[in-house]
Each structure stands twice: as C-alpha cells, then as structure tokens.
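Report on the structure given below.
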Amino acid sequence: MTKTAEPATTPQDERLLGTSLWRRLLSRPELGAVMGAVAVFVFFSLTADSFLQLSSLSTVLYAASTLGIMAVPVALLMIGGEFDLSAGVLVTSSALTSSMFSYQMTANVWVGVLVSLLVTLAIGVFNGAMLTRTKLPSFIITLGTFLMLTGLNLGLTKLISGTVQTKSISDMEGFDSARKVFASEITIGSVNFKITILWWLVLVALATWILLRTRWGNWIFAVGGNGDAARAVGVPVTKTRIGLYMGVGFGAWVSGQHLLFSFSRVQSGEGVGNELIYIVAAVIGGCLITGGYGSAIGSAFGALIFGMVSKGIVFAEWNADWYKFFLGAMLLLATLLNHWVRKRAEATK
C-alpha cells in the first residue's frame, strides 16, 4: 500500500507573526525615560510630603515645560545626527530682540515678537547652511554661533540700554495680549497651570506626528542614520538639516518670548549652559549621540525628570547645591539603561 504523503507545512511569514507587548515596548526609544520618570516620581513621593499636592505638581510641570519646549526640537536635531550648542543663548537672543526692538522703535510689542521670530529662524538657517556648505562638525559651527551670540547679547544690550538689562516694556501697547499668549496661566479647578505647559504638549504632539506620520520624519531618521546613503536615495539632506536648525530657532523663539513677557525685561547673560541641559534631556529620553534614533515623547519624559528633580529637591528641603550632581548621575544611568534596552531589543528580533 502506498503511503500518502502528508501535505508540506508552509512556513509562516515572520511579518505575519504577532509581536509581543514586551518586544514592542523594548523597541520604543523612550522606554528608559519612562521607567526613570516613574522611579523619580515614586522616590520624591516618598521623601517629600508636599510633592503630591496639585500645586506642587503644577510647579513641576512648569519647570519641565520651560526645558521641554527646547528639548523637543533639540531631540529632532539629534535624531538627525547634529548638535546645537547655541540653543541656550539663542533663547536669550530671542527675548532681547523682541524687547529692544519694541522699546527703541516705540512699536507695538507684537512687531518686536515677529522680528524676533525672523531673527531666530535666520540664525537657524545660518547654522544649517554653514554646516552643509563647510562640512565642518556641527559642534564647531554652533560653538562659534554660541560665542558670537553671547558677545552680541551683552555688547548690544549695553550699547543700546546702557546696562546689561533691557528696559521694561510692560507699559507698551500689545504687552498684555502677548503676555496672554506666552506667559499667562490657565486655571483648572483651584490650581493654576502656566501656558508653557500647553505649548510644550503641542510641540511634543506635533514633533511626534512629524516623526511617525510624515516623509519629513523618514528623512530625519535617514539623515541621522547615514547622510550619504540618504542623499543617494533622493533624500534632501541639506533642506532637512536646515529645517531642523530652524526648528530649534522656533523653540528658542517661544521660550524667549515666555522669558520676556514673564518679567517684562531680560538679563543679557542668561541662557549660558542651558544648551547642555536640553541635550541631556534628549539623551535621557532615548536619543543617541550618533543620530538616527530617538523620539520627541522621550525628550518630554527627559524634561519631566528634570522638573521633578529640580523641584523635588526643594520640596524635600535638601541642599539645592546637589542638583547638578543628580542631573549628572541621571544622565549616566539613563544612558546605560537606554543602551541595555537597545541591546535587549536587538536580541529579541
């Protein structure tokens, strides 16, 4: 009797296999930042009695938003494989431009706000164009911009105002309406939330949509992964890099206007050193120094960790001198955790 051959089993396409929740989580660059944020939240909830009060959480979110507004475009830039060491002083340049232009021209402050936007975007174009034309590392290009802006901020402010601080513009036309846009508060129940929190959330949502749902997002990842290979397949590398630097300029404009309309005057020396905090927030959020990997949501959690630590130390009544130590420790721990997560993700593929 002839044995009937059993039908051969067709191997299933691995693309059709279900992906476990754990594997999907490991593939997300912000996983390490989320875990770190939960750990920091639990830690200060146990060590600071007032940390869980709604007013305290509002303060934490405000501190996170002032960093997060800049951490979002800086994260996109790092995913694209570049840095911007001028981001911190660019925020101050934005505020100074609005203030001095409005005051000296006796114009409606909205004119100064729009001029400031044009200036910050132009500086972004300058950084991007210099990078693509000279082929120098972005570290060198933006370090030069950082030094030039630092000198301009101080020199022009003293030349025009006679001091290192601008004149108050609180009595000028348009100040109240501009303050509502950039420095007002939103009351929910009995708690006041700064409008910068809304700006921050909108920017995170917009950046996430760009990265995951548009061809611009594909271009950013491609340029950060391998610029030459991206150019070879038709990606507009030059335009993408310039656009990313313009994004940093836009974030600096929003942050600068908040700084100005919160206090009506600006110190010309502010902002120095903040660029490192923006970069650290992006790295804690999962962005690689080498580019091609990261997320805007991760940068938001990185900024949130900063906000919780900076205010949690105060609520716990600890010595604030330890703040920078905690930031450095978090940077190292987050980098190691992100490295472990990526290794695990690669091993489960």
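The values are calculated or read from the model by the stated rules, or taken from the named source; none is laboratory data. On a predicted model such as this, the values are computed, not experimentally measured, just so you know. Virtual Cβ from ideal backbone geometry, glycine too; neighbours counted across all protein chains shown. Ligands, DNA and RNA are excluded from the accessible area calculation, which covers all protein heavy atoms including side chains. Shrake-Rupley method; radii C 1.70, N 1.55, O 1.52, S 1.80 Å.
Condition check for residue 333 on (1) modelled with pLDDT of 90 or more; (2) over 19 Å from residue 204 (Cβ atoms); (3) open to solvent by 20 Å² or more (accessible area, probe 1.4 Å): one failure, at (1). Free of Cβ contacts under 8 Å to residues at least 40 places away in the same chain, hydroxyl-bearing (Ser, Thr, Tyr), under 26 Å from residue 283 (Cβ atoms) and in a helix (DSSP H, G or I), is that true of residue 45? Yes; evaluated as a whole, the condition is true for this residue.
Report yes if residue 252 is open to solvent by 20 Å² or more (accessible area, probe 1.4 Å) and either within 26 Å of residue 66 (Cα to Cα) or assigned to a helix (DSSP H, G or I) (or both), otherwise no. Spelling it out, it is not the case that residue 252 is open to solvent by 20 Å² or more (accessible area, probe 1.4 Å) and either within 26 Å of residue 66 (Cα to Cα) or assigned to a helix (DSSP H, G or I) (or both).
Within region 226-269, the set of residues being without any contact (Cβ under 8 Å) to a residue 40 or more places away in the chain and of a type outside the set (A, V, I, L, M) comprises 228, 231, 234, 236, 239, 263. Listed conditions (1) farther than 27 Å from residue 55 by Cα; (2) part of a helix (DSSP H, G or I); (3) open to solvent by less than 10 Å² (accessible area, probe 1.4 Å) are all met by residue 276, apart from (3).
Please indicate, with yes or no, whether at least one residue in region 51-60 is touching a Ser or Thr at 6+ places or on another chain (Cβ under 9 Å), at pLDDT below 80 and part of a loop (DSSP other than H, G, I, E, B). No - not one qualifying residue is present in region 51-60. Taken over region 309-339, the criterion of being closer than 20 Å to residue 75 by Cα and in contact (Cβ under 8 Å) with a residue 12 or more places away in the chain is satisfied by 327, 330, 331, 333, 334, 335, 337, 338. Among the helices (runs of 4 or more DSSP H) confined to region 99-217, the ones with at least 1 residues that are open to solvent by less than 60 Å² (accessible area, probe 1.4 Å), within 28 Å of residue 303 (Cβ to Cβ) and in contact with an Asp or Glu (Cβ under 6 Å, 6 or more places away or on another chain) are located at 138-161. Which condition from (1) farther than 22 Å from residue 199 by Cβ; (2) touching a helix residue (DSSP H, G or I) at 6+ places or on another chain (Cβ under 9 Å); (3) of a type outside the set (Val, Ile, Thr) is the one that residue 298 breaks? Against the list (1) farther than 22 Å from residue 199 by Cβ; (2) touching a helix residue (DSSP H, G or I) at 6+ places or on another chain (Cβ under 9 Å); (3) of a type outside the set (Val, Ile, Thr), residue 298 comes up short only on (1). Aliphatic (A, V, I, L, M), under 29 Å from residue 173 (Cβ atoms), open to solvent by 40 Å² or more (accessible area, probe 1.4 Å) and touching a residue at least 40 places away in the same chain (Cβ under 8 Å): is that true of residue 96 in this structure? No. Residues that are surrounded by 17 or more Cβ atoms within 10 Å (Cβ to Cβ), of a type outside the set (D, E, K, R) and modelled with pLDDT of 85 or more do not occur anywhere in region 318-326. Residues in region 59-83 that are farther than 18 Å from residue 286 by Cβ and open to solvent by 10 Å² or more (accessible area, probe 1.4 Å): 59, 61, 62, 63, 66.
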